[in-house]
């Protein structure tokens, strides 16, 4: 069984960028957000229940969900958020188990934004890799890449662990406060470490 490296970090910290860099080294990756999008897309297993929860106002002209509308609803009402999670999370967990069972390398990356926040997820990973950067940098990156307002970003951040909490709970930390090239040496070192660790556990 490959090592499962749970990758987490606050919004805008660069988890997807890090996953892409590891994938160029032949490392298999699984992004929980991709699975959420798959099960909630038209034809996805969670789509009918999500539409029933939010109504036609959550459906765009092309049939896809209006994620901005849904995001506003769930961050305004924790009860609605809990109901949405009860629809989506079991399906995502089922697909996660199936995909990880197909990994063939010594280790893989499981990218989960709320790995440390949701009960039971941390225990599924062999190690936690935190992608870290200062909070001000998180906000600036998300404003630039997604066009969200700062108050929306802070509402998302409020549902996540604080930076200090993540730093305390992580096994390994990637500093993504600088340019992309600064990640290369860190990722090379971690890749070597994870491969060695996986081989040791297989003995």
What is the spin-label model distance, in nm, from residue 124 to residue 169 if the labels are put 7 Å beyond Cα along the C-beta direction? 1.5
Using only Cα atoms, tell me the angle between helix 67-76 and the longest principal axis of the chain; keep it within 0 to 90° and round to the nearest 10. 90
Restricting to DSSP H runs of at least four residues, report the calculated mean residue ellipticity at 222 nm for the chain, -39500 (n - 2.57) per run over all residues, nearest 500 deg cm²/dmol. -16000 deg cm²/dmol
In a Debye calculation with equal point scatterers on the alpha-carbon sites of the stretch 38-104 and no solvent, what is log10 I(q)/I(0) at q = 0.11, 0.17, 0.21, 0.27 Å⁻¹? -0.29, -0.62, -0.86, -1.21
In degrees rounded to 10, the 0-90 angle between helix 78-100 Cα long axis and the longest Cα principal axis of the chain is 40
Rounded to whole Å and sorted largest first, list the principal axis extents of the Cα atoms in the stretch 154-203. 45, 27, 15
With label points set 7 Å from each Cα along the Cα-to-Cβ direction at residue 135 and residue 66, the distance between them in nm comes to 3.1
Point-to-point label distance, residue 192-residue 162, nm (Cα→Cβ direction, 7 Å offset): 3.6
Radius, Kirkwood style, for the stretch 18-69 when every pair of distinct Cα atoms is counted (Å): 12.6
Among 177, 40, 45, 145, which comes first, then next, by fewest other beta-carbon atoms within 10 Å? 145, 177, 45, 40
Förster-model FRET efficiency, 22 Å R0, residue 41 and residue 180, C-beta, rounded to 0.05: 0.15
Angle, helix 135-146 long axis vs. longest principal axis of the chain, Cα atoms, 0 to 90°, nearest 10? 60
Over all Cα pairs of the chain, how is the pair count split among 5 Å bins, expressed in % and running from 0 up to the last occupied bin? 1, 7, 14, 18, 19, 17, 12, 7, 3, 1, 0, 0
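Just so you know, all these numbers are worked out from the coordinates, no wet-lab data involved. This is a predicted model, so every value here is computed, not measured. Cβ coordinates were reconstructed from backbone atoms using ideal geometry, including for glycine residues, and neighbour counts include every protein chain displayed.
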